Amino acid sequence: MANNSEINRKLSAAQHSNAEQFVAFGDSIYVPDTHIRRRHGATAGHPNKDQLDREDGALNSIREFIEKHFGQLDQLFPYTRSKGHNKIASSMPIKEISFCRVLLRNCHVCLYENQTSKRFGLEPPSLENYFLYY
């Protein structure tokens, strides 16, 4: 799926003019590439094991925190949670369902305080400002 989506190429292209290149952090299913990385998983004899383990722990805690937002999609929109669990989604393409769920969740975030805003000390945009980008 990662290869078919060309996510690494897209991440690279989005940053083509940046002097500093950022990478996405995923779980162990991702194949490391220039703009995708996963846990170091340093072995016991590695000279920087403590540092790498701390980095893995910090990145993993952020990844887990952000993954909670995907769970919130099911809470907010239970009738659209998957094709196999409901009659509404069974006749609709998953791509459109997923887009609508995320769009509406982002609207919810604009209207109400959320965990990400609190954790990073950021205010979500107003709905008006959010839709300026669409």
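Values in this text are rule-based calculations from the coordinates and carry no lab data. The shown structure was predicted, so the numbers you read here are calculated from the model rather than taken from an experiment. We place every Cβ from the backbone using ideal geometry, glycine too, and count neighbours over all the protein chains shown.
Residues of region 25-46 falling in the label zone of residue 115, defined by backbone nitrogen less than 20 Å from a point 7 Å along Cα to beta-carbon, are 25-28.
Residue by residue, region 39-44 carries 3J(HN,Hα) couplings of 3, 5, x, 4, 6, 4 Hz when phi is fed to the Karplus relation 6.51 cos²θ - 1.76 cosθ + 1.60 (θ = phi - 60°); x denotes Gly or Pro. 3J(HN,Hα) along region 48-64: 10, 3, 4, 5, 5, 5, 5, 4, 4, x, 5, 5, 5, 5, 5, 4, 5 Hz, from the Karplus curve 6.51 cos²θ - 1.76 cosθ + 1.60 with θ = phi - 60°, whole Hz, x for Gly and Pro.
Here the Gaussian network model covers the chain, with springs between Cα atoms less than 10 Å apart; of 21, 72, 115, 21 fluctuates the most. The residues packed around residue 33, meaning those with a beta-carbon under 14 Å from its beta-carbon, carry a net charge of +3 if Lys and Arg are +1 and Asp and Glu are -1. Projecting label points 7 angstrom from Cα along Cα→Cβ for residue 44 and residue 106 puts them 4.8 nm apart.
Length gained on full extension, residue 23 to residue 129, computed as 0.36 nm times the residue gap minus the Cα-Cα distance: 35.5 nm.
Comparing 29, 41, 18 along the charge dipole axis of the chain, the residue lying farthest to the positive side is 29, per the Cβ-charge model.
Between amide H atoms placed 1.01 Å from N, distances below 5 Å from residue 24 occur with 36, 37, all of them 5 or more places distant or on a separate chain. By the count of other C-beta atoms within 10 Å, a proxy for reagent exposure, 112, 130 are ordered fewest to most as 112, 130.
Helical content alone sets the calculated 222 nm signal of the chain at -16000 deg cm²/dmol, taking -39,500 (n - 2.57) per DSSP H segment of four or more residues and averaging over every residue.
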